[in-house]
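Take a look at the structure set out below.
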Amino acid sequence: MSAYGHVLFYTSAAAFRAEGLVKRLPLPLPGARLVPTPRELSSDCGVALRFALDDRSSIQSLLDDAKVPYDRIEG
């Protein structure tokens, strides 16, 4: 079983924008998809981007470069 992290967003619009960026990558990031925010994590919009922990730096760079606002990255 793979370990996953989550990106928490302030708005669902930012979450959907992040999902679109991930889907358009030339090399896919397996496991990166929108999921309901896990109960143990807090989120303003209720949607989180799940990702494989090995891809954390790639996800963070992608969101920062595209200036997608997010609350925080867990995991």
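Things to note:
- Filter result (touching an Asp or Glu at 6+ places or on another chain (Cβ under 8 Å) and among the hydroxyl-bearing types (Ser, Thr, Tyr)) within segment 36-75: Ser43
- Residues that are closer than 19 Å to Gly75 by Cα, over 9 Å from the mean Cα position of the chain (by Cα) and either of a type outside the set (Ser, Thr, Tyr) or surrounded by 11 or more Cβ atoms within 10 Å (Cβ to Cβ) (or both), drawn from segment 1-13: Met1, Ala3, Tyr4, Tyr10
- Residue ID - nearest to the chain's Cα centre (by Cα), chosen from residues in segment 22-59 that are surrounded by fewer than 17 Cβ atoms within 10 Å (Cβ to Cβ) and in contact (Cβ under 8 Å) with a residue 40 or more places away in the chain: Arg56
- When Tyr70 is tested against (1) at pLDDT below 95; (2) surrounded by 11 or more Cβ atoms within 10 Å (Cβ to Cβ); (3) of a type in the set (Ser, Thr, Tyr), exactly one condition is not met: (1).
- Output for segment 17-34, where each listed residue is touching a Phe, Trp or Tyr at 6+ places or on another chain (Cβ under 9 Å) and among the hydrophobic types (A, V, I, L, M, F, W, C): Ala18, Val22, Leu29, Ala32, Leu34
- Inter-residue pairs, beta-carbon under 9 Å, first hydroxyl-bearing (Ser, Thr, Tyr) and in segment 61-75, second part of a loop (DSSP other than H, G, I, E, B) and buried (at least 17 other Cβ atoms within 10 Å of the Cβ), 6+ apart: Tyr70/Phe9
The values are calculated or read from the model by the stated rules, or taken from the named source; none is laboratory data. In this text the structure is predicted, and so the values were computed from the model without any measurement. We place every Cβ from the backbone using ideal geometry, glycine too, and count neighbours over all the protein chains shown.
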